[in-house]
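The values are calculated or read from the model by the stated rules, or taken from the named source; none is laboratory data. Just so it is clear, the model here is predicted, and its values are computed rather than measured. Every residue, glycine as well, gets a Cβ built from its backbone with ideal geometry; the counts of neighbours run over all protein chains shown.
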Amino acid sequence: MIDIYGTLGPSCASEETLTEMFLAGMTGLRLNLSHQSLHESTRELALFRTAAQKAGVRPRLLVDLQGPELRIGFLKAPLILCEDDSVKIYDEGIAEEERLKLRMGGRRLIPVPGAVFAVLREGMEILLDDGRILLKVQGAEDGYFTARILRGGLLAGRKSIKIVDVDIQPPTMTAMDLRNIRDLTACGVTGVMQPFVRSREDLLEVRRALRENGAGSLQLVAKIENRAGLLQLEDLLPACDAICIARGDLGNDMDLWQLPGVQKQIAAACKKTGRYFMVATQMLDSMENRAVPTRAEVNDIFNTVLDGAGGVMATGETAVGKYPVDVIRYLARTAAEGERLRDIYLQ
């Protein structure tokens, strides 16, 4: 049976909605720890357990560590970014008085990690929120960079950031990751997702931290989100329990039309070695705002299952979308149809 994962967020953080999602076919839930810690998620996790019990499901709970993924800082409210407008980009680590000076300038402000700010140069392009938003750096001013919006959208805090053609190497785990790892077993976590895996050493480091905190038996999922992970795939497979083809940032690290072939390549490698894999990102993206998916999305899910995926995952569709229960229903039913016909089509 295909694992059907939703992602916990404001849109589904009620006992009633989570129960309906389980009844619609959800078998597990992903909690993104880039937005809040396990300790801060106590209420939502209690609702998750109660809902699963009501639906008669023994669910999986995957936590997504922060890892070396780069994200913008927190925003007080989402920013509406319009094409050809400008924004200010600043180091989120600067002193509060410097932030106040920037705010007095009147332009929209985007805080970024110090490692990102340190390498910014005029002419660089910046992708935000899995590439939905595109900026171009115009130049440096007093303590910040100005960037022009080439492709706009609504930007919330803690969304992904990537500088095109620039390789930044943050540590494998953050201090927050290490604190969260200490709480894994107490919170009933069944698996840990390590983002932006670059090498076997990344996975070995996470394994050590899990063992040291009594969580060595938990499933370790390596997220393939960049070319570095793709190139090291053969070495990564024996060091993890599962692979997640995370197409958002992976699609930012190559020409987008190359992504389908890369997904096929990873799927084939997993099947050859008997390694479980799942696929995530934009599987039902249109359903964040529409009650019915596109035909292309349904085909994507079906073909992903035909390729041998053991799990499919909704992300923003259930976390912040308008129709989290319907998302799970379409995801589960399409995956089940793919599984039913897989042997026929692969003969």
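Provide a single number: the residues in the stretch 319-331 that are surrounded by 20 or more Cβ atoms within 10 Å (Cβ to Cβ) and part of a helix (DSSP H, G or I).
Number satisfying all stated conditions: 8.
Please find, among Gly338, Gly316, Gly251, Gly308, the residue that is surrounded by fewer than 23 Cβ atoms within 10 Å (Cβ to Cβ), in contact (Cβ under 8 Å) with a residue 24 or more places away in the chain and in contact with a Cys (Cβ under 8 Å, 6 or more places away or on another chain).
Gly308
Suppose the filter is under 20 Å from the mean Cα position of the chain (by Cα) and closer than 22 Å to Pro10 by Cβ; does Ala314 pass it?
So Ala314 fits the description; yes.
Could you check the stretch 220-240 and list, in sequence order, the residues that are farther than 26 Å from Asp165 by Cβ and either crowded, with 16+ Cβ neighbours inside 10 Å or basic (Lys, Arg) (or both)?
Within the stretch 220-240, Leu220, Val221, Leu237, Ala239, Cys240 meet the criteria.
Pull up the stretch 136-160, narrow it to residues that are buried (at least 20 other Cβ atoms within 10 Å of the Cβ) and of a type in the set (A, V, I, L, M, F, W, C), then point me to the one that is farthest from Asn289 (Cα to Cα).
Per the stated criteria, the residue is Phe145.
Name the residues in the stretch 239-257 that are farther than 22 Å from Ala314 by Cα and either aromatic (Phe, Trp, Tyr) or out of contact with any helix residue (DSSP H, G or I) (no Cβ under 8 Å at 6 or more places or on another chain) (or both), would you?
The answer is Asp255, and nothing else.
Go through (1) within 25 Å of Arg333 (Cβ to Cβ); (2) β-branched (Val, Ile, Thr); (3) within 22 Å of the chain's Cα centre (by Cα) one by one and return the number of the condition Ile72 breaks.
(1) is the only condition that Ile72 fails.
Return the total of residues in the stretch 246-291 being small (Gly, Ala, Ser) and within 19 Å of the chain's Cα centre (by Cα).
6
Answer yes or no as to whether Phe277 is assigned to a strand (DSSP E or B) and either of a type in the set (Asp, Glu) or surrounded by 13 or more Cβ atoms within 10 Å (Cβ to Cβ) (or both).
yes
Out of Ala296, Ala246, Ala242, report the one residue that is free of Cβ contacts under 8 Å to residues at least 12 places away in the same chain and on the phi < 0 side of the Ramachandran plot.
Ala296
Look through the stretch 161-204, keep the residues that are buried (at least 21 other Cβ atoms within 10 Å of the Cβ) and polar (S, T, N, Q), and return whichever of them is nearest to the chain's Cα centre (by Cα).
Result: Gln194.
Per-residue answers, yes or no, for (1) within 23 Å of Leu284 (Cβ to Cβ); (2) charged (D, E, K, R):
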residue: Cys12; (1), (2): yes, no
residue: Thr17; (1), (2): yes, no
residue: Leu23; (1), (2): yes, no
residue: Arg30; (1), (2): yes, yes
residue: Gln36; (1), (2): no, no
residue: Glu40; (1), (2): no, yes
residue: Ala46; (1), (2): no, no
residue: Thr50; (1), (2): no, no
residue: Ala55; (1), (2): yes, no
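Could you please find all residues in the stretch 178-236 being assigned to a loop (DSSP other than H, G, I, E, B), without any contact (Cβ under 8 Å) to a residue 60 or more places away in the chain and not hydrophobic (A, V, I, L, M, F, W, C)?
Result: Ser199, Asn213, Gly214, Gly216, Ser217, Asn226, Gln232.
Quick check on this structure: which one of Arg148, Arg121 is more than 16 Å from Asp91 (Cα to Cα), modelled with pLDDT of 95 or more and more than 24 Å from the chain's Cα centre (by Cα)?
Arg148 is the lone residue from the list that is more than 16 Å from Asp91 (Cα to Cα), modelled with pLDDT of 95 or more and more than 24 Å from the chain's Cα centre (by Cα).
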